[in-house]
Amino acid sequence: MNRILTGLILRPHQKETQLLKICERKLHAPVHYFRILKKSLDARDKSDIKWVYSVECGTQPYTPPPRTFERVAHPPKVVIAGAGPAGLFCALRLIDYGFAPVILERGRRVEERAADVEKFLSTRTLDPESNVQFGEGGAGAFSDGKLNTQTNDRRNRDVLDTFVRFGAPEEVGYLGKPHVGSDKLRQVVANIRAHIEANGGEFRFSEQLTDVRIKDGRLAQIVTTKGETACEKLVLAIGHSARDTFEMLLSRGLVMQQKEFAVGVRIEHLQAAVGRAQYGAGYAALPAADYKLVSHASERGVFTFCMCPGGVVIPAASEEGGVVTNGMSNYARDERNANSALVVQVWRSDFGSDHPLAGVAFQRKLERAAFRAAGGDFRAPVQLVGDFLAGKESYYFGAVKPSYALGTSFVPMQAIFPRAVTDAMKAALPEMDAKLAGFAAYESVLTGVESRTSSPVRIVRDETMHAQGIAGIYPCGEGCGYAGGITSAAADGIRVAEAIAAAARAAEAR
């Protein structure tokens, strides 16, 4: 009989092999089965920082039984639009159920996409179909690859195990704050693709969904940039930046709602300063420190989001004439700076219209204002935190140099954002500094704009996961308003696959 032991403690200088000795002492016998279930860092007392573990162990060899899935005898054809986390995990689960899904991806394979992003960074030539937003792996392929989530979905465990299965570090399965890193995440995505193809799935890259044909309230056909095809089931895993696809779907009668989101800037500090503030003098012996801050100093919520320890601020535009920023870290998290989004809630009343896509227009307005204010060529507007708080223009950088690769221009953030947004940030920064010493340090750098925190729309679906009033179309993932990050998007992809398989089994039983 295996036992689960919780609250096991190691100091940072101790090796994890010590855990075996602890387990043997508790079991009073040699351990022949051992698995870490959870590992988290307790840094509440900077003088006594420790790792806390939960493990499963036993005195007999043990192999967990393989998972089995009830396969569908005669699965219908399923097309998935989008090869981000939602689309890929939907495809993986459909294969488990015996389907052979077709995955449409407007962008390119992740290896080619990485080359397109590098070309953008070196030449400022943007490929509107293959960039930080579009392509295999989704927007998360150029991020920190964080896999923690605030949802309690039972599928989250499956998502983490699947990442490890396809090449993510084993610790992803048990770290309290797991991350893959952009460099390792791309290989995981390629491995997932290979598995899908080896099991009957088909990828169609550089092929975008351009139309849906609906007859008598049911999907009849889809149109792509390469032609028409009959389609019984269509999964919309289109991502939060598929603005042209949103417009098309709205024109075809899909019910959409405005969805509130958040906008703001990327804030950069020296990673060493964050480490010292979080862990004290011994920070260098610990993993790169992160943080998560929330302020209620104003009527609008202000929070940090997508924090990238030892990372860089990256250009993330998908349209000409707009500046968009995001954060990215590799697995090692060893860059000089730390960055995170510092964002403010925006409400439907800020959009200035009841149109379902008014949030898209709001995003685009900010992105274009940033582009113009910084002088074009995808340079980003920047301002020192101290000058922002004092209402002054910036003229120099101090210890913190911006990591944004396409150049920057000093611009007051008040010239880009509505006053409600900048006032909320000004109120939040001192409060956040009280929680994390140095957060509002004068020489910290603000880079704009962070506008793609989540989808600005929700495509309404019913309890069967179908688009409201239209059979055969399944809105899915972050782009359709049902997730907020890699893990929750992947879990929603699994959820939609389960619904499709259940419907197919019910049809076979009739």
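The values are calculated or read from the model by the stated rules, or taken from the named source; none is laboratory data. For clarity, every value in this text was computed on a predicted model and none was experimentally measured. Cβ: placed from backbone, ideal geometry, glycine included. Neighbour counts: every protein chain shown.
A few notes on this one:
- Residue match in the stretch 199-206 (condition: of a type in the set (Ser, Thr, Tyr), over 17 Å from the mean Cα position of the chain (by Cα) and either crowded, with 19+ Cβ neighbours inside 10 Å or not in a helix (DSSP H, G or I) (or both)): yes
- Take the conditions (1) out of contact with any strand residue (DSSP E or B) (no Cβ under 6 Å at 6 or more places or on another chain); (2) crowded, with 17+ Cβ neighbours inside 10 Å; LYS46 misses just one of them, which is (2).
- Filter pass, LYS426 being touching a helix residue (DSSP H, G or I) at 6+ places or on another chain (Cβ under 8 Å), of a type in the set (Lys, Arg) and either at pLDDT 95 or above or farther than 30 Å from ALA272 by Cβ (or both): yes
- Filter pass, VAL78 being β-branched (Val, Ile, Thr), more than 30 Å from GLN278 (Cα to Cα) and surrounded by 16 or more Cβ atoms within 10 Å (Cβ to Cβ): yes
- LEU104 being within 23 Å of the chain's Cα centre (by Cα), in a strand (DSSP E or B) and assigned by TED's automatic domain parsing to the domain that holds ILE238: yes
- For the residues GLU56, GLU24, GLU112, GLU16, the requirement of being in contact with an Asp or Glu (Cβ under 9 Å, 6 or more places away or on another chain) and either surrounded by 14 or more Cβ atoms within 10 Å (Cβ to Cβ) or not assigned by TED's automatic domain parsing to the domain that holds ALA288 (or both) singles out GLU112.
- Residue in the stretch 235-251 that is of a type outside the set (Ser, Thr, Tyr), under 21 Å from THR487 (Cα atoms), assigned to a helix (DSSP H, G or I) and not assigned by TED's automatic domain parsing to the domain that holds VAL360 present: no
- Sole residue being touching a helix residue (DSSP H, G or I) at 6+ places or on another chain (Cβ under 6 Å), closer than 30 Å to LYS226 by Cβ and surrounded by 15 or more Cβ atoms within 10 Å (Cβ to Cβ), chosen from PHE89, PHE99: PHE89
- Here the condition is being part of a helix (DSSP H, G or I), modelled with pLDDT of 95 or more and closer than 29 Å to ALA317 by Cβ; of GLY481, GLY493, it holds for GLY493 alone.
- Evaluation of THR63 against (1) within 30 Å of GLY275 (Cβ to Cβ); (2) among the hydroxyl-bearing types (Ser, Thr, Tyr); (3) part of a loop (DSSP other than H, G, I, E, B) (one fails), failing number: (1)
- Cβ-Cβ distances below 9 Å connect the following pairs, each with a first residue in the stretch 141-167 that is in contact (Cβ under 8 Å) with a residue 40 or more places away in the chain, a second residue that is in a loop (DSSP other than H, G, I, E, B) and aromatic (Phe, Trp, Tyr), and a separation of six or more residues or different chains: GLY145/TYR331; LEU160/TYR174.
- Residue match in the stretch 50-72 (condition: of a type outside the set (D, E, K, R) and within 23 Å of the chain's Cα centre (by Cα)): no
- Of the candidates ARG419, ARG452, ARG495, the single residue that is surrounded by fewer than 19 Cβ atoms within 10 Å (Cβ to Cβ) and either farther than 23 Å from PHE89 by Cα or within 24 Å of the chain's Cα centre (by Cα) (or both) is ARG419.
- Scanning the stretch 132-169 for residues that are basic (Lys, Arg) and over 12 Å from VAL188 (Cα atoms) turns up LYS146, ARG154, ARG155, ARG157.
- Only one entry in ALA506, ALA489 is of a type in the set (A, V, I, L, M) and free of Cβ contacts under 8 Å to residues at least 60 places away in the same chain, namely ALA506.
- Within the stretch 363-384, tally of residues that are at positive phi and of a type in the set (Asp, Glu): 1
- Selection of first residues in the stretch 419-440 that are in a helix (DSSP H, G or I) and of second residues that are modelled with pLDDT of 95 or more and basic (Lys, Arg), restricted to Cβ pairs under 7 Å at least 6 apart or on distinct chains, gives the following pairs, ordered by first then second residue: ALA420/ARG300; ALA424/ARG300.
- Scanning the stretch 140-173 for residues that are under 21 Å from ARG495 (Cβ atoms), touching a strand residue (DSSP E or B) at 6+ places or on another chain (Cβ under 7 Å) and not in a loop (DSSP other than H, G, I, E, B) yields a single hit, LYS146.
- The residue that is modelled with the highest pLDDT, counting only those in the stretch 200-219 that are more than 20 Å from PHE99 (Cβ to Cβ) and small (Gly, Ala, Ser), is SER206.
- Filter pass, ASP492 being out of contact with any strand residue (DSSP E or B) (no Cβ under 8 Å at 6 or more places or on another chain) and assigned by TED's automatic domain parsing to the domain that holds CYS308: no
- When the residues of the stretch 363-401 are filtered to those that are surrounded by 14 or more Cβ atoms within 10 Å (Cβ to Cβ) and among the aromatic types (Phe, Trp, Tyr), the one that is nearest to LEU121 (Cα to Cα) is PHE378.
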